[in-house]
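Nothing in this text is a laboratory measurement; each read-out follows from the coordinates by a stated rule. Please read all numbers here as calculations on a predicted model, not as lab measurements. Backbone-built Cβ (ideal geometry, glycine too); neighbour counts: all protein chains shown.
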Ligand SMILES: O=C(O)[C@@H](CO)OP(=O)(O)O
């Protein structure tokens, strides 16, 4: 049975500072690095040896994956990067403090921007501090200027279907290191979570989510390897 581990990056500087991050390339904090290493140790203890690791192009995910593989004694695992595993693009909220934004626009509005399935934040104005259109990592790509979770899923899923699912269907084991919302999109797809229920799914930083899949890539079992930092998972259908 193919085995998939989803690993959200360890705590980032802007997780710590409570800022909307999205595509900004902030690094891990010391705690985030420790979470990545511990994630790798738990992966080794669980006997997981991935054939391939997929990661977003953002450093916090790449570094988490590299540190986890190193801690697991799996430094030689091939790594494939793709921007379609990036965090959800936070549009015009990018860089703002979440608490200050709630004071300005109200808790309810911020909750809608953060966790509603299909209401995107306002778009990112071009030419500002966080203009990703000139970043060479996205050259030639039609990149968004804001994303809801739905829009995130619509760019994660084609990548899942074309690049990741075929490896699992071929019987390989796969590690994906990515972000709170790109991983929520994958979880929504795999566990068939209804649009109005995905709001309740939170993925902790640096805690490997170990999923056994059947031949059709339906989850047969799922558990967080660090039980003390686990969050509720959607029911298996
Ligand atoms: O800021 C972000 O990019 C994400 C992940 O840290 O935050 P949220 O919890 O609002 O999805």
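Entry remark, the range 41-61: residues being surrounded by fewer than 19 Cβ atoms within 10 Å (Cβ to Cβ), within 16 Å of the ligand (Cβ to nearest atom) and within 21 Å of residue 168 (Cβ to Cβ) number 0 in total.
Residues are listed down the side, and each one gets a yes or a no for (1) within 16 Å of the ligand (Cβ to nearest atom); (2) surrounded by fewer than 19 Cβ atoms within 10 Å (Cβ to Cβ); (3) free of Cβ contacts under 8 Å to residues at least 40 places away in the same chain; (4) more than 14 Å from the chain's Cα centre (by Cα):
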position	(1), (2), (3), (4)
174	no, no, no, yes
181	yes, no, no, no
202	yes, yes, yes, no
231	yes, yes, yes, yes
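In the range 1-11, the qualifying residues are those that are in contact with a strand residue (DSSP E or B) (Cβ under 6 Å, 6 or more places away or on another chain) and within 16 Å of the ligand (Cβ to nearest atom), and the one that is farthest from residue 76 (Cα to Cα) is 10.
Can we say residue 137 is over 24 Å from residue 26 (Cβ atoms) and surrounded by fewer than 17 Cβ atoms within 10 Å (Cβ to Cβ)? Criteria not met by residue 137. Among residues of the range 1-11 being part of a loop (DSSP other than H, G, I, E, B) and surrounded by 23 or more Cβ atoms within 10 Å (Cβ to Cβ), the one that is nearest to the chain's Cα centre (by Cα) is 9.
Of all residues in the range 158-172, those satisfying the criterion of being surrounded by fewer than 17 Cβ atoms within 10 Å (Cβ to Cβ) and either in contact with a helix residue (DSSP H, G or I) (Cβ under 6 Å, 6 or more places away or on another chain) or touching a residue at least 40 places away in the same chain (Cβ under 8 Å) (or both) are 158, 163, 169, 171, 172. Screening the range 12-40 for residues that are crowded, with 16+ Cβ neighbours inside 10 Å and more than 16 Å from the ligand (Cβ to nearest atom) and picking the one that is farthest from residue 98 (Cα to Cα) gives 40.
Counting only residues that are in a helix (DSSP H, G or I), in contact (Cβ under 8 Å) with a residue 40 or more places away in the chain and within 11 Å of the ligand (Cβ to nearest atom), the range 92-126 holds 4 of them.
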